[in-house]
Amino acid sequence: MAPQLGKPPRTLGLSLAILASVMLFTLLPLLQVSIFFAVQYRFSQVNLPVDPSSEDTAAPIAIGGSAGGVPDTALIVQIALGLGYLPLAVAAWRGRPASIRKTIMAGVILLTLATALMTAVNLSSAPTVQNGIDSGEDLRRGLLISRTISSALIALYVVWYMNRGPARAFYRGYYLSAPDKPS
């Protein structure tokens, strides 16, 4: 009879998988949205002095517009996905319920596919004069591609590690009994 072992601990690899996915699917999107809103706020606070009696001030050529050309619905979806992934990650960190192992894998795969789809849409659309053409287009394309690659790598790591024995034992809550040694 095999000795009874305690509850399996959360391993370092499992902790890294959960933390990396939280950083990529929660913290990064929320940071992007908060930076976008900070830039929008700063632009809205710009006061252009227009005094007709002064010779050194000029009327602005154009006012208004959007700093990033991102629709509000895209920002709301990004916030919802980022905040929606967080409870899954907290449950995966706790290890309960046992089905969270498969749920977190499905969530990571779906978010990675959504990231890849949004990247493909953004990269396939040609810049227009109405949206503005700037010198940061190459940087934006590079960042989109690197985010998609990092999403795929983290998703592969999460799925791989969640299917390893230590992670399965952690979510199951017990070790499988060791096979009896032949005599």
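I need the peptides 134-143, 30-39 ranked by packing, meaning the mean over residues of other C-beta atoms within 10 angstrom, with the highest value on top. Display every interim value, and only then the final one.
Details: 134-143: 10.1, 30-39: 13.5.
Packing order, densest peptide first, comes out as 30-39, 134-143.
Couplings 3J(HN,Hα) for segment 71-77, derived from phi with the Karplus relation 6.51 cos²θ - 1.76 cosθ + 1.60 (θ = phi - 60°), are x, 4, 5, 5, 5, 5, 5 Hz, where x marks Gly and Pro.
Spin-label model, Ala74/Arg168: points 7 Å from Cα along the beta carbon direction are separated by 4.2 nm. To put it simply, the accessible area of segment 74-149 at a 1.4 Å probe is 72 percent carbon and sulfur.
The values are calculated or read from the model by the stated rules, or taken from the named source; none is laboratory data. Quick caveat, the model's predicted, so the values are computed rather than measured. Using ideal geometry, Cβ is built from the backbone for each residue, glycine included, and neighbour counts are taken over all protein chains shown. Ligands, DNA and RNA are stripped out before the accessible areas are found, and what is left, the full protein with its side chains, is counted by its heavy atoms. Shrake-Rupley method; radii C 1.70, N 1.55, O 1.52, S 1.80 Å.
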